[in-house]
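Here is the structure we will look at.
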Amino acid sequence: MNTTEPIITIENLRVEFTQERQKAFALRGIDIAFYKDEIHGLVGESGSGKTVTAMSIMGLLPKPAATILSGSIRYEGKELLSLSEDALRTYRGSKIAMVFQEPAKYLNPAFTVGEQIREMVMLHKGLNKHQAEMRARELLGLVGLGKDGRALGAYPHELSSGMKQRAMIAIAISCDPNFLIADEPTTSLDVTLQLQILKLLKILKKMKRMGMLFISHDLSVIREIADRVSVIYAGKIVESASVARLFEHQMHPYTRLLLLSIPDARHRGKKLATIAGQVLDATNDPQGCVFAPRCPLAKELCYRESPKLIAHEQGHTSACHFAEEAWDL
C-alpha cells in the first residue's frame, strides 16, 4: 500500500447529465486516489464512467449538460472544482495532461505536428520560437517519431494511426506534467502497435516520474501496464487493489466475471464466461448495489442496501456485502 501523499484525490464525486429533461447518473459517488510514480488502471465496460472520471479531473465536462452534484477533486491538496476556467487552464498541460482515445479528433488538421507542440511549450513554458522548435524535435524523438524532421512538418492526416497516437503523447508530455491521463490509447491499434504504445508509456512514466491514470475496458491490457487497478461499474468503484493482488484474489463478483471473460491459452476450447444482462441504465438510481441485477450471488440485502467501499488487507478495497465470504463463480 502506498504510504505517500496522493497527487490527485477524488472523494464522493457525483456527476449527472441532463438531456431533454431526463437525468442520467454518470458517477454515483466515487472515491479514488492517484500517486506519483504509479500507473493506476481504471477498468470497466463501456458506459461505466471511466471517461467521465478523466474529464472531471481535466475540467472538461460538457456544459451545461453535465453537473457535478457533489464531491472533491484535489491536486496536491488544491481543490480543482473551485477554480475558475482561467485558473484551470494553467493546470491543463503544465500539471495534468491527457492522451485521448482517438487522436485524429484532437489533433488540429490545419497545423503540423511541430506547430502544435511549439504552441504548447511557448504558451506554458515561455520558450521562444527557436527553443520551442528544439523542444518539438526532442519530444518527437523521445516518442519514436525520429529526429529527422519529417514528423515535425507533417499534418495529422499524413500520419498512420500509431504515429498519430505517438504525436498526441508528445504533445501531452511537452510541458512536463506531473500527472498523465491516457484514455484507452491503444483501443484502435493492432496488437503490435498496442505493445509499442504500452512500452512507451511505461518508459515515459519512469523517465519523467509521472503519476498516470490508464483507462481501459480490457483487463489484459491493464495487467500489462498498471501498478494498481480500480474497477468501475455504473459510476461506482466496486474494487481496487494492486494488480498482482487483484489477479490473484478478487473480492467483487463483477471483477471475477471480467477476469473469466478474458481469453486464456490455458483454457483453450472452453467457452468464455459472459456477464448476463446489460449495464445499469444511467437514468436508474437504485437504493441497493448497482451490480445486483446482473450478479449471480445477489441476495435480498443487495437490492435493499448499497454496499460501501471497505478496506481489507494489503490495501485491497471492495464494495460487496459478501466480500469476506468464500464464494466462486
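Only the coordinates and a few stated rules stand behind these numbers; no lab work does. This is a predicted model, so every value here is computed, not measured. Here Cβ is always computed from backbone atoms with ideal geometry, including for glycine, and neighbour counts include all displayed protein chains.
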Notebook entry, point to check: Which one of Val221, Leu127, Leu80 is farthest out on the positive end of the charge dipole of the chain, using unit charges on Cβ (Lys, Arg +1; Asp, Glu -1) and the Cα centre as origin?
Noted result: Leu127
Margin query: Taking 2.2 N^0.38 Å as the expected size of a compact globular protein, what ratio does the Cα radius of gyration of region 1-87 give against it, to two decimals?
Written below: 1.13
Notebook entry, point to check: Ranked by Cβ crowding within 10 angstrom, fewest neighbours first, how are Met251, Met163, Met207 ordered?
Noted result: Met207, Met163, Met251
Margin query: Which one, Asn178, Asn12, Asn128, has the greatest fluctuation when you compute a Gaussian network model over the chain with C-alpha springs under 10 angstrom?
Written below: Asn128
Margin query: Just want the answer: with Cβ charges of +1 for Lys and Arg and -1 for Asp and Glu, which residue in Ile39, Leu301, Ile197 is farthest toward the dipole's positive end in the chain?
Written below: Ile197
Check: How large is Rg/Rh for region 17-159, to two decimals, with Cα atoms and a Kirkwood Rh?
Finding: 1.01
Checklist line | Residue-span extension gain [Glu20 to Ser72] - 0.36 nm each, minus C-alpha spacing | finding: 16.0 nm
Notebook entry, point to check: Taking Cα pairs under 8 Å and at least six residues apart, what relative contact order does the chain come out at, in percent?
Noted result: 21
Check: To the nearest 0.05, how large is the calculated FRET efficiency for Asp285 and Leu195 if R₀ is 35 Å and r is the Cβ-Cβ distance?
Finding: 0.30
Notebook entry, point to check: So in the chain, what percent of DSSP beta bridges are antiparallel if you round to the nearest 5?
Noted result: 60
Check: Which lysines have a Cα lying under 28 Å from the Cα of Lys125, excluding residues fewer than 8 positions away in the same chain?
Finding: Lys36, Lys78, Lys95, Lys105, Lys147, Lys164, Lys199, Lys202, Lys205, Lys206, Lys208
Item checked: Förster radius 30 Å - calculated FRET efficiency between Thr90 and Lys308 (Cβ-Cβ, nearest 0.05) -> 0.25
Notebook entry, point to check: Over region 127-225, how many percent of alpha carbon pairs lie in each 10 Å bin up to the one with the longest distance?
Noted result: 14, 48, 31, 6, 0
Checklist line | Net +/- balance of residues flanking Thr67 in space, Cβ distance below 12 Å, scoring K and R +1, D and E -1 | finding: +2
Notebook entry, point to check: Over the chain, what number does the Rg to Rh ratio reach, with both radii from the alpha-carbon atoms and Rh per Kirkwood?
Noted result: 0.98
Check: Hey, what angle do you get for helix 129-142 against the long axis of the chain, alpha-carbon based, 0 to 90 degrees rounded to 10?
Finding: 50
Check: Of all trypsin sites (Lys or Arg not before Pro) in region 1-70, which ones are in loop regions per DSSP and have a Cβ with at most 13 other Cβ atoms within 10 Å?
Finding: Arg21
Item checked: Per DSSP, loop trypsin sites (Lys or Arg not before Pro) in region 185-224 with at most 12 further Cβ within 10 Å -> Arg209
Checklist line | Sum of side-chain charges, Glu16 neighbourhood, beta-carbon under 12 Å (Lys, Arg +1; Asp, Glu -1) | finding: +2
Checklist line | Longest exposed-site-free window of the chain, the sites being GluC sites (Glu not before Pro) in a DSSP loop that have at most 14 other C-beta atoms within 10 Å | finding: 77-304
Check: Which whole-number percent of Cα pairs in region 105-176 have a distance greater than 20 Å?
Finding: 16
Notebook entry, point to check: For Gly162, what charge total do you get from the other residues with a beta carbon under 14 Å from its beta carbon, if Lys and Arg give +1 and Asp and Glu give -1?
Noted result: 0
